[in-house]
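Quick notes on the structure that follows.
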Amino acid sequence: MQFFSSKSLLYIRIIAHFVTAYYLVQNPEGLASAGFIILMGQAMQVPILHLSSNSPVLGMLAVLVSTQAISDLVPLLAENWNHFETLVPVRLFCYFLITAYIYFVPTSKVSNSVVATYSMFEVWANFLIYNNLRDEKYYRMKKFVEENADAIKKAQDERVIVIED
């Protein structure tokens with residue numbers, strides 16, 4: 001049984017992306033020095049990132065994070081579950097690779113506390129969404145089969161061909 005539906009989890013993820021984009025623009029020092037980000041950085045043994053508010057790169061990152069949220073919001077409002085059933089496993093795999101790379105190569109340029117925390121959040125969120133999407137797909141298919149049992153049986157009977165020797 002699910003505590004949250006995949007739709008709720010996707011909305012939570014979208015809101016988290018917009019909040020992250022807001023903090024990247026308004027208070028990047030507060031974002032980089034948040035307790036859970038420092039804790040995750042220390043746990044993965046990566047350097048703690050210190051962001052300055054006058055860096056133009058932060059604006060670009062905020063735009064990218066916002067774009068990712070909007071690209072999830074549009075198919076979610078259209079209830080395009082096939083989009084998410086295809087995209088979420090790919091995202092999960094990619095963010096898992098990024099997280100593994102950060103863990104095994106802590107001296108690289110992408111290995112810092114903010115990227116490590118963000119990629120771990122994405123792995124966790126996409127894993128929850130993926131499991132809920134699979135579960136909901138099973139229940140949608142089960143409901144479809146129950147509602148159309150007679151039509152499915154009739155179509156199956158029509159396809160059976162008796163071969164006599």
Modelled with pLDDT of 95 or more, out of contact with any helix residue (DSSP H, G or I) (no Cβ under 9 Å at 6 or more places or on another chain), closer than 23 Å to L61 by Cβ and assigned to a helix (DSSP H, G or I): is that true of A100 in this structure?
yes
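Yes or no, residue by residue, for (1) crowded, with 19+ Cβ neighbours inside 10 Å; (2) in a helix (DSSP H, G or I); (3) not small (G, A, S):
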residue	(1), (2), (3)
F4	no, no, yes
S8	no, yes, no
R13	yes, yes, yes
A21	yes, yes, no
L24	yes, yes, yes
G30	no, yes, no
I38	no, yes, yes
Q42	no, yes, yes
Considering each residue of the range 1-29, count those that are within 17 Å of P56 (Cα to Cα) and of a type outside the set (A, V, I, L, M, F, W, C), and give that number.
7
Can you confirm whether M60 is within 26 Å of F3 (Cβ to Cβ) and open to solvent by 70 Å² or more (accessible area, probe 1.4 Å)?
no
Can you tell me how many residues within the range 70-92 are under 14 Å from the mean Cα position of the chain (by Cα) and exposed (fewer than 13 other Cβ atoms within 10 Å of the Cβ)?
3
With the requirement that a residue be in contact (Cβ under 8 Å) with a residue 12 or more places away in the chain and either among the polar types (S, T, N, Q) or open to solvent by less than 10 Å² (accessible area, probe 1.4 Å) (or both), what does the range 104-124 give you?
S111, N112, S113, A116, T117, S119, E122
Evaluate the range 78-87: report whether one residue or more is of a type in the set (A, V, I, L, M) and at pLDDT 95 or above.
yes
Looking at the range 44-59, which of its residues are over 24 Å from the mean Cα position of the chain (by Cα) and in a helix (DSSP H, G or I)?
P56
For the range 125-153, the count of residues that are in a helix (DSSP H, G or I), open to solvent by 30 Å² or more (accessible area, probe 1.4 Å) and not charged (D, E, K, R) equals 12
Report, by residue number, each residue of the range 93-103 that is of a type outside the set (A, V, I, L, M), open to solvent by 80 Å² or more (accessible area, probe 1.4 Å) and without any contact (Cβ under 8 Å) to a residue 12 or more places away in the chain.
F93, Y101
Criterion violated by G41 - all others in (1) at pLDDT 95 or above; (2) more than 17 Å from the chain's Cα centre (by Cα) satisfied:
(1)
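The values are calculated or read from the model by the stated rules, or taken from the named source; none is laboratory data. In this text the structure is predicted, and so the values were computed from the model without any measurement. No Cβ is skipped: glycine too gets one built from the backbone with ideal geometry, and neighbour counts run over all protein chains shown. Surface accessibility is based on the protein's heavy atoms, side chains included, excluding ligands, DNA and RNA. Shrake-Rupley method; radii C 1.70, N 1.55, O 1.52, S 1.80 Å.
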